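Worksheet: the structure to be examined is printed underneath.
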Amino acid sequence: MFEKVGTKTINKLLLIAAVLLIAEIILFDGGILFSLLFSGILVYVGHRSYDRAFGKVVFWIGLVSLVMTILSMAVVRFLLFILLVLFLYNYFQAGRHPARPVFSREPPSPKKEPVISQKMWGDQTTPEAYAWNDINVHGGIGDRTIDLSHTVLPEKAVISVRHLAGTLTIYVPYETEVLVHHSALIGRATIFDYRSTHLWNGTVHYQTEDYGWKEPGVRIVTSVLSGDLEVKRI
């Protein structure tokens, strides 16, 4: 849909959307932030207790409330209208000028599948066996589990995860050195024998004694809005 839309145009649309959002919150409906926050808390609490009937009820109440609050925002209606206009424009342009196949003499470059994909909802874990590829993802709500014992690490590996809500669990082999930099608005951090039980808008920096001297080594950079980090030996 966006092949013919330039980056500058998209940036202008995002700027207009941001201005509309600020104007809507300040001038018209300041309580929308409370509604979004309250609905998000219900979804998170329900997701954590989804195996019980109470958790299912809280989860779906929060989800419906969150969706209704988002759809009631003027900025969301503006973005949906722009998307509809862009879709119709590209549809009619494609009908007038059918796309021609483009042949390239260059061989296709090899593409590695990501170990963890971008996912805004639900839990996710690494497969039983996989080829290593540095992880650089962001996610929404759910738990993420990365098991480094199921792959062969290079001399230097990087894991970067930015997440909204959920638990990040990373299993590290005993012979692997580790550097961890973690930040959270609300949550806890457990890194081997180190524990931070009350992490409120704070950061944690942890480094094993031989990191940078012995290999392999993995650099872990994580940030969550609300959730826990657990780094364990396996």
Open item on the list: Six or more apart or on different chains, Cβ atoms under 6 Å: show the pairs whose first residue is in region 151-170 and over 30 Å from Val45 (Cβ atoms) and whose second is part of a strand (DSSP E or B) and not polar (S, T, N, Q).
Closed with: Lys156/Gly217; Ala157/Val218; Val158/Arg219
Open item on the list: Just the residues that are open to solvent by less than 50 Å² (accessible area, probe 1.4 Å), closer than 11 Å to Arg219 by Cα and not small (Gly, Ala, Ser), please, taken from region 145-159.
Closed with: Ile159
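Here is a yes/no grid of residues against (1) part of a strand (DSSP E or B); (2) touching a Lys or Arg at 6+ places or on another chain (Cβ under 8 Å); (3) at pLDDT 90 or above:
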position	(1), (2), (3)
Val161	yes, yes, yes
Ile170	yes, yes, yes
Ala184	yes, no, no
Arg188	yes, yes, no
Ser196	yes, yes, no
Gly202	yes, no, no
Ser223	yes, yes, yes
Gly227	yes, no, no
- [ ] Please determine, by comparing only the residues of region 210-221 that are touching a residue at least 60 places away in the same chain (Cβ under 8 Å) and not in a strand (DSSP E or B), which one is nearest to Ser149 (Cα to Cα).
- [x] Pro216
Task: In region 119-148, the residues that are closer than 25 Å to Asp51 by Cα and of a type in the set (S, T, N, Q) - done: Gln124, Thr125, Thr126, Thr145
Open item on the list: Scan region 102-116 and tell me whether some residue there is under 30 Å from Gly212 (Cβ atoms) and either among the small types (Gly, Ala, Ser) or at pLDDT 75 or above (or both).
Closed with: yes
Open item on the list: Out of Met68, Met73, I need the residue that is at pLDDT 70 or above, open to solvent by 80 Å² or more (accessible area, probe 1.4 Å) and under 30 Å from Ala18 (Cα atoms). Which one?
Closed with: Met68
- [ ] Taking the residues in region 197-210 that are over 23 Å from the mean Cα position of the chain (by Cα) and open to solvent by less than 60 Å² (accessible area, probe 1.4 Å) as candidates, determine which candidate is nearest to Val172 (Cα to Cα).
- [x] Thr208
Task: Residues (open to solvent by 20 Å² or more (accessible area, probe 1.4 Å) and either closer than 17 Å to Gly187 by Cα or at pLDDT 85 or above (or both)) located in region 36-48 - done: Leu37, Gly40, Ile41, Leu42, Tyr44, Val45, His47, Arg48
Open item on the list: Looking at region 122-137, I want the residues that are closer than 29 Å to Gly46 by Cα and have a partner that is crowded, with 16+ Cβ neighbours inside 10 Å and basic (Lys, Arg) with Cβ atoms under 7 Å, at least 6 apart or on another chain. Which pairs are those?
Closed with: Gln124/Arg144
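The values are calculated or read from the model by the stated rules, or taken from the named source; none is laboratory data. These numbers were taken from a predicted model, which means no experiment stands behind them. Please note: Cβ atoms are built from the backbone with ideal geometry, for glycine as well, and neighbour counts cover all protein chains shown. Quick note on the areas: whole protein, heavy atoms, side chains included, nothing else; ligands and nucleic acids left out. Shrake-Rupley method; radii C 1.70, N 1.55, O 1.52, S 1.80 Å.
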